[in-house]
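**Q** Let me give you the structure first, and then I'll get to my questions.
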Amino acid sequence: MILALALAQAPALAEPPAPAELHLRAQLKARQSTMIASEISARISQLKLHDGERFSAGQVLIGFHCTLEEAQLSKAQATLGKKIRTYEVNQQLETRRSIGALELAVSKAESEEAKADLRIAQAMVDRCVIHAPFSGKVSEVIARPYQSVRPGDPLLEILDDKDLEVEFMASSRSMPNLAPGKRFRVTLDEVAKSYQAEITRIGGKVDPVSQTVKVYGRIIDKADELLPGMSGAIEFPASQ
């Protein structure tokens, strides 16, 4: 009886309050960025871009002195011409039965081998010039003109500053409230401005230690002043 009365007088369990606005830190990152490295051992002959300068897709970023490679290409071209001509003559002789089938087959194989050698020489010369894989901006210049480099040496870091995304870490418990298309605002410290943004995708795993998940988004507002590396606070209104 007393227990029943106590239970009746006890206040009903209140439902958990709706979470307040989520305040998280985010950073802008370029979706496309890469470190340009040398594929050959050579001396740099052309490097005109500086940090912060723009370039177009296909533009020459770096050129190398490749006298030896160019000479090998010329030699391969001459050798191929000679081998093809020999094969053509042997074809004519074979129709007159002036040479045997083996000699004709050997000359054909030698012409095919010369074609392969030419492709190798051309590939080596192609490595003497590095073209931009996309349009963007130089973010760091590591090498210098006339510097001798080896394969794998970093030369230039580039990025596409027109294709930025917002990246932040959110609690894994908030995942039910995070979905592509959900709107939020990001206020960037460097420009002291707020921008409308939306989630584009959720990371593929949860960090088991911090119990967080990566979230990616894009800024909807057109903003030419934004740069990779800018950071600030994001807010998800509780009403969303």
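**Q** Out of all the residues in segment 111-128, is one or more surrounded by 14 or more Cβ atoms within 10 Å (Cβ to Cβ), in contact (Cβ under 8 Å) with a residue 24 or more places away in the chain and under 23 Å from the mean Cα position of the chain (by Cα)?
**A** yes
**Q** List, please: which pairs have Cβ atoms under 7 Å, are six or more places apart or on different chains, and start with a residue in segment 40-53 that is touching a residue at least 60 places away in the same chain (Cβ under 8 Å) and end with one that is among the acidic types (Asp, Glu)?
**A** Close Cβ pairs satisfying both conditions: 51/140.
**Q** Considering only residues that are in contact with a helix residue (DSSP H, G or I) (Cβ under 8 Å, 6 or more places away or on another chain) and not acidic (Asp, Glu), which ones fall in segment 68-81?
**A** Across segment 68-81, the qualifying residues are 72, 73, 75, 76, 77, 79, 80.
**Q** Is segment 160-182 home to any residue that is charged (D, E, K, R), loosely packed, with under 14 Cβ neighbours inside 10 Å and part of a strand (DSSP E or B)? Walk me through it before giving the result.
**A** Keep residues of segment 160-182 that are charged (D, E, K, R), which gives 160-163, 165, 167, 173, 182.
Those left that are additionally loosely packed, with under 14 Cβ neighbours inside 10 Å: 173.
Checking the rest, the ones that are also part of a strand (DSSP E or B) come to none.
Within segment 160-182, none of the residues are charged (D, E, K, R), loosely packed, with under 14 Cβ neighbours inside 10 Å and part of a strand (DSSP E or B).
**Q** From the list 138, 215, exactly one residue is in contact with a strand residue (DSSP E or B) (Cβ under 8 Å, 6 or more places away or on another chain), farther than 21 Å from residue 55 by Cα and part of a strand (DSSP E or B). Which is it?
**A** Working: 138 fails: farther than 21 Å from residue 55 by Cα.
Selected residue: 215, the only one of 138, 215 that is in contact with a strand residue (DSSP E or B) (Cβ under 8 Å, 6 or more places away or on another chain), farther than 21 Å from residue 55 by Cα and part of a strand (DSSP E or B).
Here, each number is a calculation from the coordinates, and none is a lab measurement. Please read all numbers here as calculations on a predicted model, not as lab measurements. Positions of Cβ are generated from backbone atoms using ideal geometry, with glycine treated the same way; all protein chains shown enter the neighbour counts.
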